[in-house]
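Only one structure is covered here, and it is reproduced in the block below.
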Amino acid sequence: MAGSNKIDIQPSPIETGQPLWLMAELTYRCPLQCSYCSNPVNYAQLKDELTTEQWLKVFEQGRELGAVQLGFSGGEPAVRKDLEELIQEARKMGYYTNLITSTVGVNETRLKQIIDAGIDHIQVSFQAADATLNNYIAGTDCFEHKKKTVEIIKEAGLSMVFNIVIHKGNINQIEEIIQFAESLDVDYVELATAQYYGFALVNRSQLLPSREQLDRAEKIVKAHQERLEGKMKIFYIIPDYYENKPKPCMHGWGKIFLTVAPDGTALPCHSARDLPGIEFPNVVGNDLNSIWYQSEAFNHFRGDSWMKEPCRSCPEKGNDYGGCRCQAFLLTGDAEQADPACELSPHHHIIQQAKTDSGPAGFEDGVIFRNSVNSKKLIKTIES
Amino acid sequence: MTLKVDLTKVFKLNHGFRLQWEKAQDAHVLLYPEGMIKLSPSAAEILTLCEGSNSGEDVVAALEKKFPEAQGIANDIKEFIQEALSNGWLK
């Protein structure tokens, strides 16, 4: 969810809002190898996972704090054998439960168990509109399986979100992608251009589309949005690299989002663990209430006293919060800088350079798939 | 706004939408994939009655009975139902 700006929940007017959105990253294990994955590149080192009981305790504490949307994500959350139990219990607590899944490894029986457990919404990720490209991007044969899964979800009368990360490798088939989603009769389509965290940052040159590609895609999307109004909602999220202004990342640090990583680390967004000098509290040994309201980590970028110029005196600071802290750190080495996506940032040239650099690279040119072999190689690179 | 809503029809929440009381918000909320809308008390009254067996007319009658002092609520209800339909909350 790093960089998410689609969520309709508005932050509470109270200075420190409630964590309305709780994201449970159940595991980093995943059968897919998508090169745009925003999981930490050193995930192969992060093997600890909370137990069922520990997760349920987190959910209860979240509910007491006002959390109402609960996301199960990962990695692939269905890798966890206790997913059904977690869904069932969360549902009893009053959560609206969202499963963000590739569905890979979930057969029909398991899917029905997940549905019976009371899942409210399943978001299935696709990679492309045809099997060959889809399976290449995913690094595994999964296209036909996903199609079948969507049919079962639809038959069960559930809300179905079709999610696809858009990048250089599939942006030219955006028309086919929309038609494909329409043929599956889904309720929502999320065309989310890759955001550059984790593996996606490593592969940025292979992923970042050109201005021309984006303009063409935007025109096509617009036409279909109008044609399908009232039938299928299409969300199209363009990369902030082309926006010239920063996204109000997570609606502000520690305002409505609380992510819990597989090992129990509590984060204001799932990329935040990359930020140096901040010790993120773990839900083992700390209750969510103290994590949310009292911890240094969650208070670190609340308000605007941490801001530097040009953010500090910017009239937009209350709307965009200076953009994304993780992106500021990843691109400038300093998390307190303005997000370089902003044209007012003294580091905006980094974004411009990235666009220039990505020009000649093709999607398949040396793209690094997300798998544990590559994760271990990247860990070595970081350590050396 | 031209009102095209046919109040003889029966309305219910669209699939994927859930209405519930949220203590933390001190309000009814409408939940849907990855989102939440905090409802005003009157919106909550109307949506609670749109549960798949009441017609729009039934909803108006029930609320006129419940709030006899409220004048001309039929039109407000109609307007709200139209908005809820176009937002995809109701079907």
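Structure notes:
- A:Phe298 part of a helix (DSSP H, G or I) and touching a residue at least 60 places away in the same chain (Cβ under 8 Å): no
- Enumeration of residues in the range A:311-356 that are small (Gly, Ala, Ser) and not in a helix (DSSP H, G or I): A:Ser313, A:Gly322, A:Gly323, A:Gly333, A:Ala335, A:Ala338, A:Ala341, A:Ser345
- Condition broken by A:Lys57, with the remaining ones in (1) touching a Pro at 6+ places or on another chain (Cβ under 9 Å); (2) surrounded by fewer than 17 Cβ atoms within 10 Å (Cβ to Cβ) satisfied: (1)
- When residues of the range A:159-175 are limited to those that are more than 14 Å from chain B (Cβ to nearest Cβ) and of a type in the set (Val, Ile, Thr), the one farthest from A:Thr356 (Cα to Cα): A:Ile164
- Strands (runs of 3 or more DSSP E) wholly inside the range B:1-79 that include at least 2 residues being more than 25 Å from A:Tyr188 (Cα to Cα) and either within 14 Å of chain A (Cβ to nearest Cβ) or charged (D, E, K, R) (or both): B:18-22
- The range A:244-289, subset under 17 Å from A:Leu65 (Cα atoms) and among the small types (Gly, Ala, Ser), residue surrounded by the fewest Cβ atoms within 10 Å (Cβ to Cβ): A:Ala266
- Selection count, the range A:198-242, where residues are modelled with pLDDT under 90 and surrounded by fewer than 16 Cβ atoms within 10 Å (Cβ to Cβ): 3
- When A:His251 is tested against the conditions (1) away from chain B (no Cβ under 14 Å); (2) in contact (Cβ under 8 Å) with a residue 40 or more places away in the chain, the lone failure is (1).
- Looking across the range A:167-213, the residues that are among the hydrophobic types (A, V, I, L, M, F, W, C), closer than 13 Å to A:Asp240 by Cα and within 16 Å of the chain's Cα centre (by Cα) come down to A:Ala192, A:Ala194.
The values are calculated or read from the model by the stated rules, or taken from the named source; none is laboratory data. It should be emphasised that the depicted structure is a prediction, and the values quoted were computed from it without experimental measurement. Every residue, glycine as well, gets a Cβ built from its backbone with ideal geometry; the counts of neighbours run over all protein chains shown.
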